[in-house]
Amino acid sequence: MANCAHLKKNLVATLLHILSTKNISGNRIGMDIELYNTDYKRALHEAASMGQRECLSYLLTEGAKVDCLKKADWTPLMMACTRRNLGVIQELLSHEADPTLKNKDGWNSFHIACREGDPAVIQHLLLANPEVWRTESKTLRTPLHTAAMHGCEEVVSILVQRCGYVPDGRDSCGVTPFMDAVRNGHISVAKLLLEKHQASPTAADILGAQPVHHVAVTAQEEALEFLVRDLGVDVNQTATDMQLTSLHYAAKEGHTSTIKTLLTLGADLHVRDKKGRTALHMACTGQHAEAVRTLLQLGLVDMVDASGTTAQQLAKKTDVLRVFDCDLT
C-alpha cells in the first residue's frame with residue numbers, strides 16, 4: 001500500500017507539472033499545488049521555468065509558496081531567471097519572492113540573470129532590491145564575473161555603472177572579470193572593463209598567471225593579439241613559481257595555431273622554465289603530436305632539461321614518438 005501511495009503521489013505531482021506548463025489550472029481536478037516530484041520540483045517551479053505567467057499567477061493566488069525549494073536549493077525565481085521572461089519575474093517579485101536567496105552553489109537570482117544577459121531583467125531586479133548585486137558564490141564569484149565570462153556586454157555596462165564592484169575583484173582562484181572576458185574571447189567586454197572599470201590587463205591570479213597566459217590556455221588568439229599588440233603586454237611574461245610563459249601553456253594544451261601566433265607576436269621559441277623545460281617538453285607532456293611537429297619544424301631542438309630529461313623521453317603515445325622518428329630521419 002505504501003508503494004502505491006508513493007506512486008500515486010508522484011503521478012499526481014507529474015500531472016500537475018504538466019498542467020502548469022500547458023496553462024491549465026489545477027482547481028478543476030482538486031490537486032494539491034504543493035506536490036513535488038523526486039527532485040522536489042513543484043508546479044510553481046515548472047510554471048516559472050516555462051514562462052507560463054497565467055498559471056504561475058493562479059498557483060500563487062491559490063497559496064503556492066513563492067520561495068519553495070527544489071533540489072540544489074533552487075527557487076521558482078531562480079528558475080525564471082534562466083529565461084528571458086520579465087513578466088514571470090515581475091509576477092514572482094510582486095508576490096514577495098526573495099531575490100537574495102542562494103542555491104547550493106551560492107548563486108542568487110541576480111547571479112543567474114547575469115549569466116543569461118537580459119538587461120531588462122537586470123534593471124528590474126536592481127529596482128526591486130538595489131542591494132541584490134552584493135553577492136558572491138561559494139567560490140567568491142560575483143555577478144560581474146559571470147556576465148563577463150558569458151560576454152553579456154550590456155549587463156556588464158549596467159553592473160559597472162550602477163553597482164559598487166571594486167576593480168579586478170577576485171574569485172577564490174584569483175580570477176578577475178577581465179580575465180574571464182578575454183579567456184572566453186569577449187574582447188568588447190574586456191575593453192569596457194578597461195575603460196569603465198579600471199581593470200588591469202596584467203593582474204595575476206593566485207598562481208601568478210596573467211590574462212596573457214589564460215588566453216594561451218584557451219587558444220583565444222584574437223584576445224592574445226589584443227593584449228600584446230594593443231595593450232603592450234609582454235608576450236614572454238612568466239607565470240607561477242615554475243616561470244612558465246604563454247608559449248609553454250599553449251604547447252601543453254596542444255594549440256598549434258596559438259603557438260604560431262605567439263611567435264609572430266615575439267614569443268621566444270627557446271625560452272625555458274625554472275626546470276629548464278622548453279615548449280617541446282610541454283607538448284610532449286601533453287602528448288600532442290601536431291604541436292611537437294610544429295615546434296620541431298619551427299627550429300626548436302630537443303635538449304635536456306635541468307633533470308637531464310629530453311622532451312622525447314616524455315613522449316608516450318605512438319603518434320608523438322613517430323614525429324621524432326620522422327624528424328631524425
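None of the figures in this text is laboratory data; all of them are computed from the coordinates on show. What you see is a predicted model, and the numbers here were worked out from it, not measured in a lab. Cβ placement follows ideal geometry from the backbone for every residue including glycine, while neighbour counts extend to all protein chains displayed.
Quick notes
- Fewest neighbouring Cβ atoms within 10 Å first, the residues Leu194, Leu77 line up as Leu194, Leu77.
- Beyond 18 Å in Cα-Cα separation lie the following of the pairs Lys252/Lys274; Lys138/Lys196; Lys41/Lys71: Lys138/Lys196.
- Applying 1/(1 + (r/R0)^6) with r as the Cβ-Cβ distance of Arg229 and Glu290 and R0 = 41 angstrom yields a FRET efficiency of 0.95.
- In percent, rounded to a whole number, the relative contact order of the chain is 8, using alpha-carbon pairs under 8 Å and six or more apart.
- Proximal charge balance of Thr100 [Cβ under 11 Å; K/R count +1, D/E count -1]: -1
- Dipole magnitude for the chain: about 800 debye, using +1 per Lys or Arg Cβ and -1 per Asp or Glu Cβ, origin at the Cα centre.
- Spacing of the two label points (7 Å from each Cα toward its C-beta) at Asp39 and Lys274, in nm: 4.5
- For region 205-329, with +1 on Lys and Arg beta carbons and -1 on Asp and Glu, the positive-most of Ile259, Met282, Leu321 along the dipole: Leu321
- Prolate/oblate/rounded label for region 248-329 (Cα gyration tensor, a/c 1.5): oblate
- Summing charges over all other residues whose Cβ lies under 15 Å from the Cβ of Leu265, with Lys and Arg as +1 and Asp and Glu as -1, gives -4.
- Basic side chains Lys and Arg get +1 at the Cβ, acidic Asp and Glu get -1 at the Cβ, and with that the dipole of region 205-329 about its Cα centre reaches some 360 debye.
- Sequence ranges 303-315, 214-226, 165-177, ranked by mean other-Cβ count within 10 angstrom, highest first: 214-226, 165-177, 303-315
- Residue among Cys55, Met78, Ser246 farthest towards the positive dipole end of the chain, charges placed on Cβ: Cys55
- Of Arg229, Arg84, Arg277, the sequence from fewest to most neighbouring Cβ atoms within 10 angstrom is Arg229, Arg84, Arg277.
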